[in-house]
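Report on one structure; see the data block that follows.
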Amino acid sequence: MKKYRLMSPGPTPVPEKVLLRMADTIIHHRTPRFRAVLKGVNDKLKKVFRTDNPVFIFASSGTGAMEASVVNVLSKGDKALVIRGGKFGERFTEICQAYGIEAVNYDLTWGEAADAVVVEKLLKENPGVKAVYATLCETSTGVVNDIKEIAKVVSSTDAVLVVDAISGLSADDLRTDEWGVDVALCGSQKGLMLPPGLAFLSLSPKAEKLVERSDLPKYYFCLKAAMKSYGKDDTPWTPAVSLIMGLDAVLDMLLEEGLDNVLTRHARLAHATREAVKAIGLEIFSRRPSNAVTSVRVPEGLDGAALVKKMRDEQGVTIAGGQAALKGRIFRLAHLGYMDEYDTITAIAGVEMVLSQLGYGVELGKGVARAQELFK
Ligand SMILES: *Cc1c(COP(=O)(O)O)cnc(C)c1O
């Protein structure tokens with residue numbers, strides 16, 4: 001028997017009491033009983049998103065919210081500025097292309113963070129840009145972008161700022177209203193500790209104006225329809241009832257712990273992970289590391305894919321490898337969602353054992369000891 005340990009940056013483990021809540025009888029959604037739950041969820045979501053604006057829920061994976069942020073905010077002939085520091089930044093350009101929107105790409109070397117000064121320059125050079133698409137935690141590289149600085153630049157223009165916080169929310173600080181983020185996106189299976197299947201989108205009044213005039217094709221992801229239902233604590237289509245029940249439980253957990261404490265916990269686990277990795281003698285890949293996931297450079301001569309596979313098949317620990325151009329070159333350890341100190345220690349212990357098996361000269365326990373030192 002091997003115990004299953006999920007340490008990927010999505011999906012992430014789901015707390016037991018949330019699983020139990022989702023196992024309850026399915027109730028009908030057009031009822032006072034469900035509407036009461038939804039109302040509570042809507043109020044609590046605002047707190048977790050740190051916004052006074054509505055946060056809409058879709059029954060889709062996170063990419064659905066990304067698509068919604070393009071088809072509702074933009075109109076035919078509009079231009080978008082896309083900050084691309086990895087696979088998820090690139091996805092925005094792909095969605096824009098699917099709808100005939102011209103994307104001006106700000107391409108970063110993978111592993112580096114966006115520079116607000118460059119965003120400012122690109123906005124000046126491209127006055128037709130209606131929306132800037134940025135990523136809080138670029139999960140493919142483990143970089144957290146400086147959204148606060150980027151928001152300063154964008155909010156002083158007519159353009160709106162859309163932030164993909166799908167993996168970052170609850171791990172990396174995001175002050176939606178305070179910083180001037182117009183649209184913040186999230187997914188259920190990352191920091192929100194739920195199974196995959198829900199996507200979230202917050203909408204500022206500035207972005208709502210663009211939604212009102214948007215003429216790109218859409219049906220399921222229509223925000224005008226969502227807005228109409230939202231005021232009545234309803235949804236335009238059948239909501240994912242069991243996931244919403246789980247969400248209700250998860251939001252209670254997050255607010256009970258306190259959002260600042262949740263962020264501090266992630267920062268603590270992330271810091272210990274980075275320090276342990278360095279103690280083993282490995283290098284952090286990201287230049288501006290996120291508190292959701294740590295990406296580690298695979299040492300020269302070592303098979304990165306084999307490391308991830310051995311972790312999963314022999315240690316029972318599911319971590320993530322590199323995506324696209326980073327395949328085999330990095331591995332990623334998540335400290336996201338329902339995780340604590342012992343999860344970090346477990347991941348580091350597993351990495352040490354597998355590195356040793358692969359012939360990498362590592363003194364067993366060095367990384368673990370570093371983490372223990374920081375946790376004690
Ligand atoms: C996971 C993730 C997505 C995509 O989410 P899906 O749920 O797979 O559609 C988008 N952006 C970021 C930053 C992510 O981490």
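(1) at positive phi; (2) in contact with a Leu (Cβ under 8 Å, 6 or more places away or on another chain): which one isn't true of G77, the others all being true?
(2)
Please go through the range 80-100 and give me each residue that is touching a helix residue (DSSP H, G or I) at 6+ places or on another chain (Cβ under 9 Å) and open to solvent by 10 Å² or more (accessible area, probe 1.4 Å), ordered by number.
R84, K87, F88, E90, R91, I95, A98, Y99, listed by residue number.
If A325 passes every condition in (1) more than 19 Å from the chain's Cα centre (by Cα); (2) under 22 Å from L364 (Cα atoms); (3) touching a residue at least 40 places away in the same chain (Cβ under 8 Å) but one, which one does it miss?
(2)
Tell me, which helices (runs of 4 or more DSSP H) lie completely within the range 22-111 with 3 or more residues that are closer than 17 Å to S188 by Cα?
32-49, 62-71
Looking only at residues that are open to solvent by 10 Å² or more (accessible area, probe 1.4 Å) and on the phi < 0 side of the Ramachandran plot in the range 183-203, which one is farthest from the ligand (Cβ to nearest atom)?
My answer is P195.
Return the pairs, sorted by first residue and then second, in which the second residue is at pLDDT below 95 and part of a loop (DSSP other than H, G, I, E, B), the first residue lies in the range 140-151 and is more than 12 Å from V181 (Cβ to Cβ) and open to solvent by less than 10 Å² (accessible area, probe 1.4 Å), the beta carbons are less than 7 Å apart, and the residues are 6+ apart or on different chains.
Short answer, once both residue conditions are applied: S140/Q323.
Of the conditions (1) under 17 Å from the mean Cα position of the chain (by Cα); (2) open to solvent by 60 Å² or more (accessible area, probe 1.4 Å); (3) not small (G, A, S), P127 satisfies every one except a single condition; which number is it?
(1)
State which residue pairs qualify: first residue farther than 28 Å from E16 by Cα and in contact (Cβ under 8 Å) with a residue 12 or more places away in the chain and inside the range 229-252, second residue open to solvent by less than 20 Å² (accessible area, probe 1.4 Å) and not in a helix (DSSP H, G or I) in any location, beta carbons under 7 Å apart, and separation of 6 or more residues or different chains.
Correct list of pairs: Y230/F56.
Counting only residues that are closer than 17 Å to R50 by Cα and of a type in the set (A, V, I, L, M), which one in the range 126-168 is nearest to the ligand (Cβ to nearest atom)?
Checking each candidate, the answer is I166.
Restricting to the range 328-347, give me the number of residues that are in a helix (DSSP H, G or I), open to solvent by 50 Å² or more (accessible area, probe 1.4 Å) and either free of Cβ contacts under 8 Å to residues at least 40 places away in the same chain or over 17 Å from P15 (Cβ atoms) (or both).
The total comes to 1.
Out of all the residues in the range 1-50, which are out of contact with any Gly (no Cβ under 7 Å at 6 or more places or on another chain) and charged (D, E, K, R)?
Hits for the range 1-50 are E16, K17, D24, R30, R33, R35, K39, D43, K44, K46, K47, R50.
The values are calculated or read from the model by the stated rules, or taken from the named source; none is laboratory data. Not measured: the values here are computed from a predicted model. No Cβ is skipped: glycine too gets one built from the backbone with ideal geometry, and neighbour counts run over all protein chains shown. Please note that ligands, DNA and RNA were not included when accessible areas were found on the heavy atoms of the full protein model with its side chains. Shrake-Rupley method; radii C 1.70, N 1.55, O 1.52, S 1.80 Å.
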